[in-house]
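Inspection log for the structure reproduced underneath, given as structure tokens.
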Amino acid sequence: MKFSKLADYFEKLESETKRNELIQILSEVFVNSDANEIDKICYLIQGRVVPFFDSTEIGMAEKTVEQAIALAYVIDREKVAKLAEKTGDQGLAAQKLNSELKHAPGSAAFADAKVKNSDVSVSDVHEVLLKIAQTNGEGSVEKKISQFADILKKVNPAGAKHLVRVPLGLTRLGIGDPTVLDALSTAKVKDKSLRKNLEEAYNKTSDLGFVAKVFWEKGIKAIDQVELQVGKPMRPALAERLPDAEAVVKRMGDSFAVEPKFDGFRCQVHIDGDKIRIFSRNLEDFTNSFPDLVQGSKEEIEAKSVILEGEAIAYNPVTGEFLPFQETTKRRRKYGVAEAAEKMPLKLFCFDLLYLNGKDITKLSYEERRRKLKDIIRDDSVTVMEAIGKIAHSAGDLTTQFEEAITEGLEGVMIKKLDSPYQAGARNFNWIKFKRMIGGELSDTVDCVVLGYIFGTGKRTNFGVGGLLVGVYNDKEDTFESISRIGTGLTDDEWRKVKEMADKNKLDHKSARVNSLITPSVWVEPEIVLEIFADEITRSPLHTAGKKDDEPGYALRFPRLVSFRGSSKRAEDATTVKEIEQMYKAQFKHLKS
């Protein structure tokens, strides 16, 4: 496929406000793609050249992209900067400059720029972007600028716009991964019936391009045979909630495992011989940030190839005391890594084993996986430990172990079904998260996604924002549904920060992935995740979270900001509508009892 054609499709996708139409447009893209380029198209749709878990970055900031645009279109950098400021987007600036040159063939600038007809392919563009990402060392900045400028000359105006947005992380197509999977299925069988199969393969590999390529080359049977691969993080299993110990026993039966719920970094450790990689719950590569865990895994895990899960917690090396999560988060850094590791070393409490010596063992029961996990961790380990759980047989057993965990400063326990397999990316009752509920109030925070903001009045006029419209994730529809407006609880600095973050993602129309009856002053691409605490969940006709027909939706009462999640959570990892429904029922049951 020519990149110009893909860019034209991107234009349609960007302006579309209905999700079903997005799926139809995307399916048309895939129908017109071949197996050699479909993986590259999927990465570009994600605004990437590699999967999310791959730490390879193009490495071009605004100033270097600005220089490349100026070089490509023979214009002063200052003029590019002014045009970008006027349009609010370097992509739009590049589109305008490209268009002007192509429509001025008699000008000296056109001759100097040597702007060619747009005959460059998607694969050609991807190859150049990947080459730029792999360019390092002395003179690399100049090489990146030259390479990017050269490819900018070879694309059409729409192509220039979308090409520029890739290194800047500003691809705004309003498309989530489930929507891409729906479109892949639709392209092959005219409906979404293969979405579940594709999603299972994606959950095991976290590589959308890989899944699409296998599907295009070998069909659905090959997709159904996809297994875990060392080096490709799987999407972690997720837990459901239940309101009390009796409800847990009713769901789990008369025997179940109870594990301590640690408050640290959820880590996925991949070992292949001497090569070790550590991924976060959000599939980020933490390997370079955690050298102590790398060394501990190398010395204390006795197996040739492994994928295991655990929770990493920082501790005081003098007293041995574990540090709160706010301190543990300081270990996530790019600089001063060695000093941080010495001052706040980590221990990894392993709670599951998913791959062992060349075999995907996720289909084995929880008990079998835990036995194998115990066997591969050395008895004298000091960094990599087994998270010791206990078997409970009654509500009384669970309550006792839960209270012990609370006494030890933990936030609760995890309850796991003994005969359950590990289901990557799935949220079900094989795992249950059990936390304390006090006085009918929510004991847990809600991760909400910013959908838009409302202009400020009075003092907040200076901030440019006085309120936020936030939503939660509908994982069935791949949409974000409104649940609250937040106008209090933020400091002046936090208002400024959220405005700065939102403006990097602002849209001139509502995203096709957003379902809201409320229209904010400015719509925002649903990417920013905020941790919110509220007094309770109520029903409201103003909000769409969980709204069905004439029934009201759910809303947060007295919401206030706890923290910015940053890159630790993708929008799709925010609290789901289903979870909100469960939290509402649990709260209601507590108040009635």
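Observations on the model:
- If the convex hull is drawn through the Cα atoms of segment 207-326, its volume per residue in Å³: 196 Å³
- Estimated FRET transfer efficiency (ASN36, GLU367; beta-carbon r; R0 45 Å; 0.05): 0.50
- Here the dipole of segment 263-330 is about 200 debye; that uses its Cα centre as origin and unit charges on the Cβ of Lys and Arg (positive) and Asp and Glu (negative).
- Positive-end residue, segment 158-304 charge dipole about Cα centroid, Cβ charges, pick of LEU184, LEU238, VAL248: LEU184
- Spin-label model, SER99/THR87: points 7 Å from Cα along the beta carbon direction are separated by 0.8 nm.
- For the residues MET252, MET385, a 1.4 Å probe over the protein chains yields an accessible-area ranking, largest first, of MET385, MET252.
- Antiparallel %, DSSP beta bridges [both residues in the chain], to 5: 90 percent
- Relative to the current alpha-carbon distance between LYS221 and ASN288, full extension at 0.36 nm per residue lengthens the span by 20.4 nm.
- A simple charge model with +1 on the Cβ of Lys and Arg, -1 on the Cβ of Asp and Glu and nothing else charged puts the dipole of segment 1-93 at about 160 debye relative to its Cα centre.
- Note on the chain: helix-only mean residue ellipticity at 222 nm, from DSSP H runs of 4+ residues weighted -39500 (n - 2.57) and normalised by residue number, equals -12000 deg cm²/dmol.
- 29 Å Cα-Cα threshold exceeded, pairs from LYS417/LYS547; LYS250/LYS347; LYS96/LYS510; LYS416/LYS585; LYS18/LYS334: LYS417/LYS547; LYS250/LYS347; LYS18/LYS334
- Per residue, in Å², the accessible surface of the chain once ligands and nucleic acids are set aside, probe 1.4 Å: 45 Å²
- Modelled FRET efficiency - R0 45 Å, LYS548 with THR491, Cβ distances, 0.05 increments: 0.75
- Each of ASN357, VAL382, SER280 was scored by the projection of its Cα onto the charge dipole of the chain, and the greatest displacement toward the positive side belongs to SER280; charges sit on the C-beta of Lys, Arg, Asp and Glu.
- In this simple spin-label model, placing a label point 7 Å from the Cα along the Cα-to-Cβ direction at both ARG77 and LYS334 gives a separation of 2.0 nm.
- ASP254/SER15 FRET efficiency (R0 51 Å; Cβ-Cβ; nearest 0.05): 0.35
- Positive-end residue, segment 468-593 charge dipole about Cα centroid, Cβ charges, pick of THR488, TRP523, MET583: MET583
- Dimensions of segment 471-593 from C-alpha coordinates, computed as largest minus smallest value along each principal axis and given longest first, are 45, 30, 25 Å.
- Sorting TYR584, TYR453 by accessible area puts them as TYR584, TYR453; the probe is 1.4 Å, largest comes first, and only protein heavy atoms count.
- Solvent accessible area, Å² - TYR473, 1.4 Å probe, full protein context: 10 Å²
- Accessible area of the chain belonging to carbon and sulfur atoms, whole % at 1.4 Å probe: 48 percent
- The order of VAL514, VAL249 by accessible area, most exposed first and with a 1.4 Å probe, is VAL249, VAL514.
- Segment 397-437 versus segment 515-586: alpha-carbon centroid distance in Å: 24 Å
- A simple charge model with +1 on the Cβ of Lys and Arg, -1 on the Cβ of Asp and Glu and nothing else charged puts the dipole of the chain at about 1180 debye relative to its Cα centre.
The values are calculated or read from the model by the stated rules, or taken from the named source; none is laboratory data. Keep in mind the model is a prediction, meaning the values are calculated, not measured. Quick reminder, even Gly has a Cβ in these numbers, built from the backbone with ideal geometry, and neighbours come from all protein chains shown. For the accessible areas, the whole protein counts, side chains as well, though only heavy atoms, and no ligand, DNA or RNA atoms are used. Shrake-Rupley method; radii C 1.70, N 1.55, O 1.52, S 1.80 Å.
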